[in-house]
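What follows is a set of notes on a single structure, which appears directly below.
Rule-based calculations on the coordinates, nothing more; no lab input. Since this is a predicted model, take the numbers as computed values, not measurements. Please note: Cβ atoms are built from the backbone with ideal geometry, for glycine as well, and neighbour counts cover all protein chains shown.
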Amino acid sequence: MQTMLKVENVVKSFDGTGVLKGVSFTLDEGKVIVIVGPSGCGKSTLLRCINGLEQVDSGKIYLKDELISGRTRDMHLVRQKVGMVFQSYDLFPHMNVMQNLLLGPTKALRKNGEEVRREALAMLRRVGLEGKENALPRTLSGGQKQRVALVRAMLMHPELLLLDEITAALDPEMVSEVLNVVIDLARDGMTMAIVTHEMRFAEAVADQVLFLEDGMAAESGPPEQFFHHPQTERARRFLRSFSYESKNSRKEKQDE
Amino acid sequence: MDWSFIGQHIPDYLSGAGVTLRFGLYGVGCSLLVGLICCLCRYFRVPVFTWLARLYTELARNTPLLVQLFFLYAGLPRVGVKLSADACAVIGLTFLGGAYMAEAFRSGLESVDQTQKEAGECIGLTRGQNIRYVLLPQALATAVPAIFANVIFLIKETSMFSVLAMMDLMNVADTLRTSGGRTVEVLFMLAAAYLLILMPVSLIAYWVERRLRYAGFGDQRPV
Ligand SMILES: Nc1ncnc2c1ncn2[C@@H]1O[C@H](COP(=O)(O)OP(=O)(O)OP(=O)(O)O)[C@@H](O)[C@H]1O
Ligand SMILES: [Mg+2]
C-alpha cells in the first residue's frame with residue numbers, strides 16, 4: 001500500500017508560542033486518520049500546515065513522494081490535490097450552488113464545464129441535494145451548506161481530503177446528514193484526515209487515531225485501542241470529558 | 001439673467017465640458033487601476049510594494065491636488081522632465097485618485113471574510129483566479145458607494161486643471177467672466193454644467209447600489 005501523507009516532526013509557533021512541537025504520522029492511501037484533542041491543542045493548525053495555509057517552522061510534509069511543506073510558489077497545484085473543508089462551510093455567497101461547484105474544476109483544473117456539471121448533479125443527488133443547484137448559499141440550512149462544501153471539495157478529485165470540525169457549527173439534527181456523507185466517502189476509499197469532536201463518528205470512520213495534546217502526539221493507534229484501551233492517563237481524561245463510553249466499556253459495566 | 005448671452009456661449013461651455021469629462025474619465029479610469037494595484041499589494045502583503053503603496057496613499061491624500069499639479073507642471077521641468085499640460089492633468093488626477101480608490105477597494109476587500117480567501121485557495125485557485133472570481137466581486141459590492149463618491153470627487157477636482165491653462169469648464173467660465181464681466185450668467189452656466197455632468201453619475205451610483213442591495217448575497221449582510 002502506498003503512503004499518501006507523511007508528516008515528519010512538524011513544528012509551528014505563532015508569535016513565539018509553540019503550537020505544534022514536533023508532530024509526526026503517516027497515512028496510507030485509502031485510509032482515514034482522525035485527529036482528536038482538547039481545544040487549542042493545534043489540530044486546526046496541523047491541518048492548515050498540511051495544505052499550506054500555514055507555513056511550518058521546521059519539519060517536512062510529503063504527499064506521496066512530493067515534498068509539499070516549505071513551498072511558497074505553486075502551492076495552488078498542491079491544493080488542487082489536497083481538499084479541505086472547514087467548520088464555517090465558506091461557500092461563495094455571490095454564487096449559486098452550481099457556480100460554487102464548478103469554479104474549482106473549470107478554472108483551476110480547466111475541465112470542460114458540461115462534464116463537470118453532469119458530475120456535480122450526480123454528486124448533489126448522492127448527498128440528497130437534488131434540485132438545489134440554482135439555490136444561493138444563504139437560502140440553505142447549515143447541513144445543506146456543509147454538504148455542498150463537501151461536494152465542492154470532492155469535485156476536485158483530491159488525493160487527500162482534510163476536514164476540520166465540519167459539524168461543529170451545525171444544529172444537532174443536521175450533524176448526521178453530513179457525517180453520513182463522510183462515512184460514504186471513507187467507504188469509497190477516500191484518503192482523509194479528520195478533526196472532530198464527534199467521538200462516535202470518529203470511532204466509526206477512523207483507521208487510525210492521533211491524540212494531540214499541547215502540540216504533541218500524546219497517543220496514536222488504531223481506534224479500538226484508543227477508544228477502548230487508551231494507553232495514557234491524558235487520553236483517558238480526554239475521553240471522559242466527552243463522557244464517551246464505548247460499546248465495550250458499557251458492556252464491561254453491565255458484566256460487573 | 002441675459003439669456004441671449006447664455007445661448008451665445010453654450011458652445012464654449014460644451015467644449016469645456018468635453019475637456020472636463022474627457023480628462024475626468026481618463027483620471028477615473030487610471031485611478032481605478034492604480035487603486036486596485038495598490039490595494040492588492042497591501043492585501044496580499046507583497047514585500048516592499050506594501051510599504052510603497054502605504055507611503056504613496058498617505059502622500060497623495062494629504063497634499064492638495066493644486067500642489068501636485070504645480071509640482072508636475074512647474075517643478076519637474078526644473079529637473080529636466082517636461083510634460084504636456086494634458087499629461088500633467090491625467091497624471092495628477094491619477095496620483096490623487098489612485099490613493100482614494102485604493103482606500104475604497106481596501107475597505108471592500110477587508111469586509112470580505114478571510115475565510116473566503118482560504119476557501120478559494122483550498123479549491124486550488126491561483127491568486128489571480130481567487131481575486132477575480134471570489135474576492136473582488138464581494139469586495140466591489142461593498143466598495144461601490146465609496147468608489148462612486150470618489151468618481152464624483154475626482155470629476156469635481158478637474159476644476160483645478162485651469163492652472164495648467166487647459167480649457168476645461170472652470171477655465172472657460174473664468175475667461176468669460178474676466179473678459180465680459182457677466183458674473184451671474186457665467187457662474188450660473190458653470191454650476192449647471194457641472195450638475196449636468198454629475199447628476200447622471202449620481203443616478204447610476206444610486207441604481208447600482210440598489211441593485212446590489214437587492215441582490216443581498218452576503219450571508220451576514222443585512223438584505
Ligand atoms: N493565526 C494565528 N495566530 C496566532 N495564534 C494562533 C493562530 N492560529 C492558531 N493560533 C493559536 O494556536 C493554538 C492552537 O490553535 P488551533 O486552532 O490549531 O487549535 P485547535 O486544536 O484546532 O482547537 P479547537 O478544537 O478549539 O479548534 C491556539 O492557542 C490558538 O490561539
Ligand atoms: Mg480547530
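Computed values, structure above
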item: Within chain A, longest stretch free of exposed trypsin sites (Lys or Arg not before Pro) [DSSP loop, at most 13 other beta carbons within 10 Å]; result: A:111-256
item: Size descriptor, Kirkwood hydrodynamic radius, that averages inverse alpha-carbon separations across the range A:98-144, Å; result: 11.2
item: Nearby lysines by direct alpha-carbon distance to A:Lys31 (threshold 27 angstrom, same-chain neighbours under 8 apart not counted); result: A:Lys6, A:Lys12, A:Lys21, A:Lys43, A:Lys60, A:Lys64, A:Lys81, A:Lys145, A:Lys247
item: Normalised contact order of chain B, rounded percent, pairs of Cα under 8 Å and 6 or more residues apart; result: 29
item: Normalised per residue, the volume of the convex hull around the Cα set of the protein assembly as shown (Å³); result: 193
item: Linear extension gain, A:Leu67 paired with A:Arg200, 0.36 nm per residue minus alpha-carbon span; result: 44.5 nm
item: Zone of B:Leu83's modelled label, taken as backbone nitrogen in the range B:130-174 under 18 Å from a point 7 Å along Cα→Cβ; result: B:154-155, B:157-168
item: Average beta-carbon neighbours from other chains, 10 Å sphere, peptide A:85-92; result: 5
item: Residue among B:Ser111, B:Ser179, B:Ser15 with the largest mean-square fluctuation in a Gaussian network model of chain B, springs linking Cα atoms under 10 Å; result: B:Ser179
item: Residues with amide H under 5 Å from that of A:Gly22, placed H, sequence gap 5 or more; result: A:Val10, A:Val11, A:Lys12
item: Backbone HN-Hα couplings from phi across the range A:144-160 [Karplus 6.51/-1.76/1.60, Hz, Gly and Pro as x]; result: 5, 4, 5, 5, 4, 4, 5, 5, 4, 5, 5, 5, 7, 6, x, 7, 9
item: R0 of 41 Å, Cβ-Cβ distance B:Phe71-B:Val201: FRET efficiency to nearest 0.05; result: 0.90
item: Cβ-Cβ FRET estimate between A:Lys60 and B:Arg45, R0 fixed at 35 Å, reported to 0.05; result: 0.85
item: Length added when fully stretched, A:Ser24-A:Ala168, from 0.36 nm per residue minus Cα-Cα; result: 49.3 nm
item: For the range A:54-67, 3J(HN,Hα) per residue [Karplus equation, 6.51 cos²θ - 1.76 cosθ + 1.60, θ = phi - 60°, Hz, x = Gly/Pro]; result: 10, 8, 6, 7, 8, x, 9, 10, 10, 10, 6, 9, 9, 6
item: Vicinal HN-Hα couplings computed from phi for the range A:170-182 (Karplus, 6.51 cos²θ - 1.76 cosθ + 1.60; Hz; Gly/Pro x); result: 8, 5, x, 6, 9, 4, 6, 4, 7, 5, 4, 4, 5
